[in-house]
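Heads up, the thing below is written out as structure tokens.
The values are calculated or read from the model by the stated rules, or taken from the named source; none is laboratory data. Keep in mind the model is a prediction, meaning the values are calculated, not measured. We place every Cβ from the backbone using ideal geometry, glycine too, and count neighbours over all the protein chains shown.
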Amino acid sequence: MYLIESEENVGFLTASYVKNRIEAFITTPEKPYFVIALPTGGTSLDLYNHLVKFHKEGLLKFDNVVTFNLDEYIGLPAKHPESYHSFMARNFFDHIKIPQEQVNILNGNASDLEKECRLYEEKIKHYGGIDLFLGGIGQNGHIAFNEPGSSFSSRTRIVNLSEDTIKANSRFFNGDISLVPSRALSMGLGTIMESKEVIIMATGIKKAQALYHAFEDKTNTAWPITILQKHPRVFVLADKPAASEISKTIKQNYGLCSFIK
Ligand code: PGA
């Protein structure tokens, strides 16, 4: 796990990395698509702004890209402004050219939710697994909606959101926690760990404690992010406030002088 503490915009760095990965990808008959896992949430807004900008400037195309979103609320109509379907359309997909069939978002209103999760896993496998996983981190250390206590071998499934997450996300629902769905569908930690490469974006002091655990704690289910210590290729991109609880020694051990954009 590498820490990239950056004064630069974390969203811009991540977008640049994504762009280079897509450019470097060579389509073959066996592997026609580059597969990206996409997050939602406040931290990801900058990433999408920059990806859209690259696209509009003609620097980035998504013709050979397949996307899988990390999670979706259960029971919120897809058209609700805070569903992740709406979030992705508003902030990304409405502004880029990508064939509809290459976009995958879990359906939190499916009549058989377990089947929906099973099919999602099968589809990810069908495309050869996730090449590049992009995610944020919850204040409680969650990745996607894998809340504290999630099994390290979990797959895409129905999850209950923790009180912390419901409270944090109520800012998108006029501060009213009763409007935040209490359940969601989420990729599992096992699903995420099979990704070839992982980028975690973290900004702001609210993420400092979670990042402290990510780097300084032992691997434990109370802080789901710690599972990534066991993944061979993880970059955590953090601004100064988010990285402020990580000790100097750890920063020296885990830091990279430069991040290959
Ligand atoms: P945020 O969410 O970017 O809105 O803070 C990140 C997350 O909960 O994973």
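What are the residues in region 181-200 that are closer than 24 Å to L76 by Cβ and surrounded by 20 or more Cβ atoms within 10 Å (Cβ to Cβ), if any? If the condition is that a residue be closer than 24 Å to L76 by Cβ and surrounded by 20 or more Cβ atoms within 10 Å (Cβ to Cβ), then A184, L185, S186, M187, G188, L189, T191, I192 are the ones that fit. Among the residues in region 105-121, are any part of a loop (DSSP other than H, G, I, E, B) and under 15 Å from the mean Cα position of the chain (by Cα)? Within region 105-121, one or more residues are part of a loop (DSSP other than H, G, I, E, B) and under 15 Å from the mean Cα position of the chain (by Cα).
If you check F152, F172, F145 for being more than 11 Å from the ligand (Cβ to nearest atom) and of a type in the set (A, V, I, L, M, F, W, C), only one passes: F152.
Of the helices (runs of 4 or more DSSP H) lying entirely inside region 154-249, those containing at least 2 residues that are of a type in the set (G, A, S), touching a residue at least 40 places away in the same chain (Cβ under 8 Å) and over 24 Å from N104 (Cα atoms) are 208-216.
Just name the residue that is nearest to the ligand (Cβ to nearest atom) out of those in region 23-41 that are without any contact (Cβ under 8 Å) to a residue 40 or more places away in the chain and not acidic (D, E). Among residues in region 23-41 that are without any contact (Cβ under 8 Å) to a residue 40 or more places away in the chain and not acidic (D, E), the one nearest to the ligand (Cβ to nearest atom) is A24.
Can you pull out the residues in region 122-142 that are in a loop (DSSP other than H, G, I, E, B) and either among the β-branched types (V, I, T) or within 12 Å of the ligand (Cβ to nearest atom) (or both)?
Selection gives I130, G136, I137, G138, Q139, N140, G141, H142.
Residue-by-condition table, conditions (1) in contact with a Ser or Thr (Cβ under 7 Å, 6 or more places away or on another chain); (2) among the β-branched types (V, I, T); (3) modelled with pLDDT of 95 or more; (4) within 28 Å of Q229 (Cβ to Cβ):
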| site | (1), (2), (3), (4) |
| --- | --- |
| L38 | yes, no, yes, yes |
| K53 | no, no, yes, no |
| L59 | no, no, yes, no |
| H80 | yes, no, yes, no |
| Y120 | yes, no, yes, yes |
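The residues of region 20-45 that are part of a helix (DSSP H, G or I) and closer than 21 Å to I105 by Cα, listed by number, are I22, S44, L45. Selection over region 71-96 of residues that are within 23 Å of K53 (Cβ to Cβ), in a loop (DSSP other than H, G, I, E, B) and either under 12 Å from the mean Cα position of the chain (by Cα) or polar (S, T, N, Q) (or both) gives a count of 0. Does D46 meet the test of being more than 16 Å from the ligand (Cβ to nearest atom), acidic (D, E) and at pLDDT 95 or above? Spelling it out, it is not the case that D46 is more than 16 Å from the ligand (Cβ to nearest atom), acidic (D, E) and at pLDDT 95 or above. Of the listed requirements (1) β-branched (V, I, T); (2) touching a Cys at 6+ places or on another chain (Cβ under 9 Å); (3) surrounded by 16 or more Cβ atoms within 10 Å (Cβ to Cβ), I158 misses just one: (3).
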